[in-house]
Amino acid sequence: MAELEKLVENTAVELLRIAATELPVEYVEEIKKGLEETDGAVGRAQLGNILEDIDLAREGSKPMCQDTGIVAFMVKVGDNFPLRSRLKEILVDATRRATEEVPLRPNAVDMFKGNTRDNVGLNGYVPMIFIDLVPGGDLEIIAMPKGGGSTNIAAHRMLKPGLGWKGIKQFVIEALAEAGSLGCPPYFVGIGIGGGEDLCMTLAKKALLKPFKSRNENPDVAAIEDELLEKVNQLGIGAMGLGEGPTALDLHIELAARHPASLPVGVVISCWALRHARAVITGEGQVSINKSA
């Protein structure tokens with residue numbers, strides 16, 4: 001069991017390193033496509049700088065941004081995976097190690113004692129760990145360190161149910177327009193709808209991690225994803241907010257049932273560096289790491 005615990009810890013450290021230093025290839029290709037399709041010199045310069053930064057980070061295994069984010073793990077635990085209650089402690093230890101070894105900038109700040117210096121909160125809530133229980137015998141871990149700039153432009157609203165999809169669409173466009181350049185576009189946009197005031201934001205964060213350029217299995221929702229992505233790009237915010245190049249690279253929606261009197265909507269936005277990496281660990285100790293979206 002001790003060997004498996006160490007394997008999980010080592011894997012989580014490696015996922016944080018990959019997330020911080022290696023942007024998924026699909027995203028890089030989309031940014032290159034944006035560069036090719038951008039006529040203005042300012043937009044091309046910004047996208048070119050982003051691509052150069054990506055190359056330097058990958059080649060030197062160094063973080064692509066000085067803000068290496070607040071650490072989050074999305075975890076799926078199979079029924080038959082041997083580790084359960086120890087997982088949280090293991091991921092906390094991995095976060096401390098990654099802070100030193102990658103290195104990650106210390107970003108966990110206690111309201112009374114200041115920066116903890118190891119990206120771990122004093123009350124057990126950071127790193128943020130979202131756990132789902134699933135069938136099977138494997139453990140899936142997605143490391144997702146998210147920077148403060150894009151986190152600060154997240155938006156939440158409890159809409160009147162009667163506003164329906166029209167109100168949702170209007171709110172999303174307003175949220176992106178208000179975000180402007182503050183979160184380092186081009187953006188990735190996750191939208192969570194339903195549940196409650198808390199779940200809709202979690203759904204929005206999970207929406208960011210859906211496969212790149214995929215669309216919702218519900219064709220009606222898929223059409224709304226395409227519509228909103230087009231409208232967001234019509235805002236003309238552009239690369240780094242300078243009005244040229246793409247404003248958003250992708251947009252996904254996650255839905256949950258809602259209370260009849262409520263229509264919760266959350267918008268979670270990532271900068272161009274949607275940093276994450278995924279691994280699956282079997283109960284026998286086999287590890288498969290996926291760097292793609």
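FYI, it's all coordinate maths here, none of it is from the lab. Quick caveat, the model's predicted, so the values are computed rather than measured. All Cβ positions, even for glycine, are placed from backbone atoms using ideal geometry, and neighbour counts span all protein chains on display.
Mean residue ellipticity at 222 nm, helices only, the chain: -12500 deg cm²/dmol; runs of at least 4 DSSP H residues each add -39,500 (n - 2.57), and the sum is divided by the number of residues. When both bridge partners sit in segment 34-142, DSSP labels roughly 45% of those beta bridges antiparallel.
With K and R counted +1 and D and E -1, the other residues having a Cβ less than 12 Å from that of E254 yield a net charge of +1. Between segment 90-152 and segment 192-211, the alpha-carbon centres lie 19 Å apart.
Sorting check: for 155-165, 182-192, which peptide has the highest mean count of neighbouring beta carbons within 10 Å, and how do the rest follow?
So the peptides 155-165, 182-192, ranked by packing, come out 182-192, 155-165.
Couplings 3J(HN,Hα) of segment 245-255, computed from phi: x, x, 8, 9, 9, 6, 8, 9, 10, 10, 10 Hz, in residue order, whole Hz [Karplus 6.51 cos²θ - 1.76 cosθ + 1.60, θ = phi - 60°; x for Gly and Pro]. Could you tell me which of the pairs K76/K231; K33/K146; K113/K146; K32/K76 are separated by over 31 angstrom between their Cα atoms in the structure shown? K76/K231; K32/K76, as the Cα separations exceed 31 Å there. State whether the chain is rounded, prolate or oblate according to the following rule on the C-alpha gyration tensor (a ≥ b ≥ c being the square roots of its eigenvalues): a/c under 1.5 gives rounded; otherwise a/b larger than b/c gives prolate, and the remaining case gives oblate. Since a/c reaches 1.5 but b/c is at least a/b, the shape of the chain is classed as oblate.
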